[in-house]
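FYI, it's all coordinate maths here, none of it is from the lab. Because the structure is a prediction, the values reported are computed rather than measured. Don't worry about glycine lacking a Cβ; one is built from the backbone with ideal geometry, like all the others, and counts go over all protein chains shown.
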Amino acid sequence: MPMRVLVVVNPQASRAADALPTLPSWFAERADSTFVASGSQDELKQALSEHGPGADRIVVGGGDGTISSALPELLALAKPLAVLPLGTANDFANTLGVPADVYEAAEIALSGRPHKIDVGLVNGTPFLNVASVGVAANVAHAQSPALKRRWRMFAYVISLIHATRKSNPFVVTITVDGQTTWSGPVYQVSVGNGRFHGGGLTVADHAAIDDGKLDLYLVSPGPFWELVACITHLKFGFAKPVLLQRSCADHVTLVTSHPKPINADGETRSETPAEISVLRHGLTVIVPQKLPAGHRGLIAIGGRAASHGTSL
């Protein structure tokens, strides 16, 4: 019996237009497939609710925001998830080792192997990559469709630098696994479940999405050039600036004097005060039979560094 596959694609994703004309027939030739183009969050939820229960495997095509928006329904369905990276950054796909080419990713969607990954929870709302407070939470407002089309994955970094110029520090109290580790001014706090966010920024050198841990970093106040150095370190691995501090945790609490928005996977999902935890191995995904050389986003089949880094 052919595999029953539900394919849900966001037609508004930045790389969807080129793929949409041929993707339905491609899947129809290789599986018992149902193909749905869902341009809104409500349409996405409806497609998953209507067609998901009868599927053996669910394929979601879009960017990180599309996949993250589908998480509540995907967790409830408990069906293996495969990803077609049709967005601008595709950090989640990169963490899983899924190639950027849409049809290579589609082949993996059908022939790859299941693997359990963790899901982050911020005030009970699930996320995959990173939940951030501060500068990163303002980046979405600084990005335009034209900027994304022109600069692709670098659009986030460009917007982050612009947002940094306009941002002021705020005071946050951070509690890591029951102990207060920081109380003072910061520009940004990011708590990662996955390895990448923001168009290829690395949460931590050892970060993986299946290790049962959250990886935390904060950027404290300093000269603008040092703030930019933090961004280039996260993107390219250059020397670590003194403004950047890291830790890892099972549970993180963020408290600010006034509610501040929390950006999770590119969308505003909640606000402070925030309780952030990890649902270990909460989602089954489809990954390549063989990961790319040097891939480190999955520890069980890819490996990781031994150290979690220094504490805050």
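Summary of computed values
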{"item": "Size of charge dipole - region 4-111 - debye, nearest 20, with Cβ of Lys, Arg +1 and Asp, Glu -1, no other charges", "result": "160"}
{"item": "Computed over region 173-312: relative contact order in percent, which uses C-alpha pairs under 8 Å that are six or more apart", "result": "27"}
{"item": "Mean separation of Cα contacts under 8 Å, 6 or more apart, over the residue count of the chain: relative contact order %", "result": "21"}
{"item": "Amide H partners (placed H, <5 Å) of V287, local residues excluded", "result": "R113, H115"}
{"item": "Relative contact order of region 4-111, defined on C-alpha pairs under 8 angstrom at six or more residues apart (%)", "result": "29"}
{"item": "Mean Cβ count within 10 Å, highest first, over the residues of peptides 179-188, 17-26", "result": "179-188, 17-26"}
{"item": "P(r) tail fraction, region 4-111 - alpha-carbon pairs more than 21 Å apart, %", "result": "24"}
